[in-house]
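Only one structure is covered here, and it is reproduced in the block below.
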Amino acid sequence: MGYRHAWRLAIAVMWGLGLSAPPAGARDPAADDYSPYAPSGFFVFDWSGYYMGAHLGGATAEAESTEVLFPNSPEFFQAATYGNSENSVTGGVQGGWQRQFGKLVAGVEVGFNMLRFDTTKTSPLLLNIEALLPDLSRSVEVRDIFLLTGRIGYADGRWLAYAKGGLANAEVDVDYRQFSTGAITSSSGRETGWTAGVGIDYALTPSLFLGVEYNFIHFRKDIEPPPIADTQFNDLDVDIQNVVVRLNYRFNPCCAWPGPGRP
């Protein structure tokens, strides 16, 4: 092979190698686990841990019981239901613990609600038999509600949707008063009922959660036999509904957040 042919062959080989080589400074996908399809804002968030916080919102409370006149006399028997209701601002504090298992989050929570429901209503039978029952009224007061609930939810990154249910305990006082005779029947003390609710939380930071929650709370109160002739009252049912905004602080967060450029 002549000198000129050898030189031409060497140039052709170098040219081919140059076309097949990667540009200078380019990343070799096989060199590490880098994937160009991984989202730049990806992070892993774990909802596990202890937390405490406060809530504020609005509530509606309703108390119902049935008044029966002449229960043993079919001829004069009458019955009617008292239905007291009231809207108010509500607020309180809560604390709990939860653990995340994959997408599932389960835990327990203790809460205190400062709702105060206090209302009085005259007898619904007042106009029907005014001569016999001129001034009977019922007063109901509910306050200082404690809640002990279990929680289960579904987590998706910074979002957590959950349901809860458990026990409720509150001071429930009721009295029926007939001013013309001075006759009074009353029942007071703490009552244990039940509660259920749903909510959603959003993690503002690894430690701070903001959320909205709905709760339904129910109590049933036994009424003592009244010292009012030919009159009896059935048990009192109290239903409370509230919607609150919650802010919780978690201790010792266990989250892996992205570096610079976090979402």
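The values are calculated or read from the model by the stated rules, or taken from the named source; none is laboratory data. Note that this is a predicted model, so its numbers are computed, not measured. Virtual Cβ from ideal backbone geometry, glycine too; neighbours counted across all protein chains shown.
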Exercise for the section: Just need a number here: residues in segment 169-194 that are of a type outside the set (Phe, Trp, Tyr) and in contact with a Pro (Cβ under 7 Å, 6 or more places away or on another chain). Expected result: 3
Fill in the blank from the handout: All-but-one check, Val198 against (1) more than 14 Å from the chain's Cα centre (by Cα); (2) of a type in the set (Val, Ile, Thr); (3) surrounded by fewer than 16 Cβ atoms within 10 Å (Cβ to Cβ); (4) part of a strand (DSSP E or B), failing number (1)
Fill in the blank from the handout: Exactly one of Asp175, Asp144, Asp201, Asp156 is at positive phi and not hydroxyl-bearing (Ser, Thr, Tyr), and that one is Asp144
Handout entry: Close pairs from segment 56-68: first under 9 Å from Glu86 (Cβ atoms), partner among the acidic types (Asp, Glu), Cβ under 6 Å, at least 6 apart
Key = Ala61/Glu86; Glu62/Asp239
Handout entry: Counted residues, segment 137-180 - those being modelled with pLDDT under 95 and exposed (fewer than 14 other Cβ atoms within 10 Å of the Cβ)
Key = 4
Handout entry: Close pairs from segment 152-163: first more than 15 Å from Gln98 (Cα to Cα), partner loosely packed, with under 14 Cβ neighbours inside 10 Å and of a type in the set (D, E, K, R), Cβ under 9 Å, at least 6 apart
Key = Asp156/Lys103
